[in-house]
């Protein structure tokens with residue numbers, strides 16, 4: 001049996017009743033976190049561009065653009081709503097051999113559930129299945145070192161989970177995976193050099209293609225097979241050969257991977273979270289950055305290569321580069337004693353005093369941190385050593401960021417994050433009504449009822 005067939009078989013082997021209560025609650029936490037990120041970013045530049053590109057649809061088969069009431073096809077809704085949730089770089093993360101943001105799957109699943117007249121339990125089930133598939137693929141093979149981007153795995157997770165929500169059978173789901181994965185591969189140039197607006201929509205574009213692939217498969221379209229193992233397939237052209245133990249996949253007996261993703265406490269790249277925490281702690285001990293002669297940041301190989309090297313990281317010209325710049329976020333934390341959405345406004349990251357201060361910052365790889373990162377579990381330790389002008393040394397090390405499964409955010413913190421993001425668009429009362437509905441998501445009979453509440 002091919003890998004695509006095994007994945008299709010898996011998603012049809014799990015029902016909502018197979019999901020334990022802890023996973024259901026953690027799924028709702030991540031859905032709330034994702035919706036909050038999306039609401040906050042609803043009017044940002046890439047979202048406005050995407051909205052201009054949409055065509056409204058008529059009839060009963062539609063999904064809603066978050067906040068607007070606009071009715072479009074489900075793959076367009078997945079693209080725009082997913083871009084909203086990704087924009088602030090505030091979503092959860094699962095890092096293994098490959099990096100990922102599995103909450104990128106949530107808005108696409110919600111879009112499909114709405115179009116298919118499905119409810120909250122279907123959203124939760126689709127979310128749990130998508131997390132499982134994407135995370136297991138991240139465990140199986142690294143893509144970024146081969147020049148490919150992690151959003152490729154979303155082609156598989158969304159096509160499979162969407163097929164399940166849509167009611168496709170195993171054979172149709174297999175074809176949806178075949179079509180999706182073969183046809184829409186993303187290069188790692190997406191995250192190299194000066195980063196562009198496309199960082200936010202990239203996964204959502206994969207999701208858009210994955211949903212359309214599932215719709216084609218439902219109507220009888222077949223795709224290239226075997227898409228992983230074939231003569232010119234994914235193994236040979238993209239990932240290299242790998243194995244997946246489907247017996248370990250989450251189900252009634254095995255713990256679901258969703259529980260292993262880490263939420264973000266700060267709106268910046270995941271490998272910067274521990275460094276920001278350390279910088280905020282050290283910043284409280286320093287009266288002024290004028291006292292600082294030099295700053296040295298220690299991180300893992302992944303942290304160094306992804307956000308800690310390249311001249312653009314010391315001179316960010318876009319929001320997307322700034323939130324992926326380790327020296328910038330540490331400088332902002334030391335100077336402002338906070339890192340939030342305002343940190344990534346152009347006037348802030350182009351501030352002359354900040355750019356001058358960043359010249360005193362160096363980044364290095366710490367082999368022990370690389371070893372801990374390579375063990376998996378989304379662990380990316382950091383340390384910061386500050387040399388003061390008077391010769392004194394300040395030092396701080398952080399292993400687990402707030403939001404990591406070993407240092408989890410409370411429900412109250414998740415709600416505070418939601419309110420903080422949502423207030424950019426809606427009232428506190430409206431935020432409360434949305435939160436109440438999302439905390440009771442399994443009781444929502446139709447997704448359209450949910451999107452009705454999420455309109456302003």
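Only the coordinates and a few stated rules stand behind these numbers; no lab work does. In this text, all values refer to a predicted model and were calculated from it rather than measured experimentally. Cβ coordinates were reconstructed from backbone atoms using ideal geometry, including for glycine residues, and neighbour counts include every protein chain displayed.
Spacing of the modelled spin labels on residue 374 and residue 346, each 7 Å from Cα toward Cβ, amounts to 4.2 nm. Here, region 258-362 yields an orientationally averaged convex hull projection of 6.7 nm² when only Cα atoms define the hull. Relative to the longest principal axis of the Cα atoms of the chain, helix 273-283 runs at roughly 30 degrees.
Relative to the longest principal axis of the Cα atoms of the chain, the long axis of helix 74-87 lies at roughly 10 degrees.
Cα-based radius of gyration for region 59-128, normalised by 2.2 N^0.38 Å, reads 1.16.
Rg over Rh for region 1-55 works out to 1.21, both radii taken from alpha-carbon positions and Rh defined as the Kirkwood radius. Expressed to the nearest 5 percent, the antiparallel share of DSSP beta bridges inside region 270-398 is 70 percent. Computed over region 270-398, relative contact order equals 41 percent, with contacts defined as Cα pairs under 8 Å that lie 6+ residues apart. Relative contact order of region 270-328, taken over Cα pairs closer than 8 Å and 6 or more residues apart, is 32 percent. The Cα atoms of the chain cover 72, 52, 40 Å along the three principal axes, with the biggest extent listed first. Working note: 222 nm ellipticity from helices only, DSSP H runs with n ≥ 4, each -39,500 (n - 2.57), summed and divided by the residues of the chain, gives -14000 deg cm²/dmol to the nearest 500. Residue separation of residue 222 and residue 293 scaled by 0.36 nm, minus their Cα-Cα distance, works out to 19.3 nm of gained length. Short-range pairs are left out: with C-alpha atoms under 8 Å and at least six residues apart, the relative contact order of the chain is 21 percent. The separation of region 182-209 from region 250-321, counted between C-alpha centres, amounts to 21 Å. Expressed to the nearest 5 percent, the antiparallel share of DSSP beta bridges inside the chain is 75 percent. Extents of region 158-248, taken as max minus min of Cα coordinates on every principal axis and listed largest first, are 43, 28, 27 Å. Between the Cα long axis of helix 106-115 and the first principal axis of the chain there is an angle of about 30°, rounded to the nearest 10.
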